[in-house]
Amino acid sequence: DDEIQTLVSDMFDTMYYERGIGLAAVQIGVHKRVLVADVDWRSTGDDHSGEITAGRQHILINPEILKDSGDEHVYKEGCLSFPDQFAEVTRPSTVRVKYLDLQGKSVEQEFDGLLATCIQHEIDHLNGITFVDHISNVKRDMITRKLVKLKKAGAFDHDHHHVHGGARVIHL
């Protein structure tokens, strides 16, 4: 319906503004099982003033992983919910996902590589799991301490944003 169309549009706007490649509705305070992803977008600049050119946009409503490939790969993941924090996460390299598209049609699709990682990361969000739940307690505690220190220093006040370069760092 129109509400979901507007939500998806807002989610893409937020994701591109934050220079992410995926976003779950729960990350913007909307408790719906909706995720968006675009691992192919390009920007004319490194900061938020750069013009974004969308790549291939993926919209998954009520996504469910049916099966995975069993073989795994590691990406250095970040998350818009954990600003400027990154950790290596191991996930299946290929997943088959069942979901509804924007027209409400049921779809089954296989995703691999970076897109598979992104979609798994966002489905985790919909299930109340974040990327730090996949890493060791020691690494998780380090990230928590860094975020507390940054918050105390005012790093998250007044819309402060910091953008990392590097194509293989996933900012989801």
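The values are calculated or read from the model by the stated rules, or taken from the named source; none is laboratory data. Values in this document were obtained by computation on a predicted structure and should not be read as measured data. All Cβ positions, even for glycine, are placed from backbone atoms using ideal geometry, and neighbour counts span all protein chains on display. Calculation scope for accessible area: heavy atoms of the full protein, side chains included, ligands and nucleic acids excluded. Shrake-Rupley method; radii C 1.70, N 1.55, O 1.52, S 1.80 Å.
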Can you tell me the convex hull volume per residue for region 21-63, based on C-alpha atoms, in Å³ to the nearest whole number? 72
With labels modelled as points extended 7 Å from the Cα through the Cβ direction, what inter-label distance (nm, one decimal) is found for VAL148 paired with ASP112? 4.4
Rule-of-thumb Rg ratio for region 47-115 [Cα; 2.2 N^0.38 Å; N residues]: 1.35
Within region 13-81, what whole-number % of the accessible surface is contributed by carbon and sulfur, with the 1.4 Å probe and all protein chains included in the calculation? 43
My understanding is that a pair violates if its Cα-Cα distance is over 32 Å; which of LYS76/LYS149; LYS76/LYS152; LYS32/LYS76; LYS67/LYS105; LYS98/LYS152 do that in this structure? LYS98/LYS152
Check which residues have an amide H placed less than 5 Å from ARG33's amide H, if you skip close sequence neighbours. ASN62
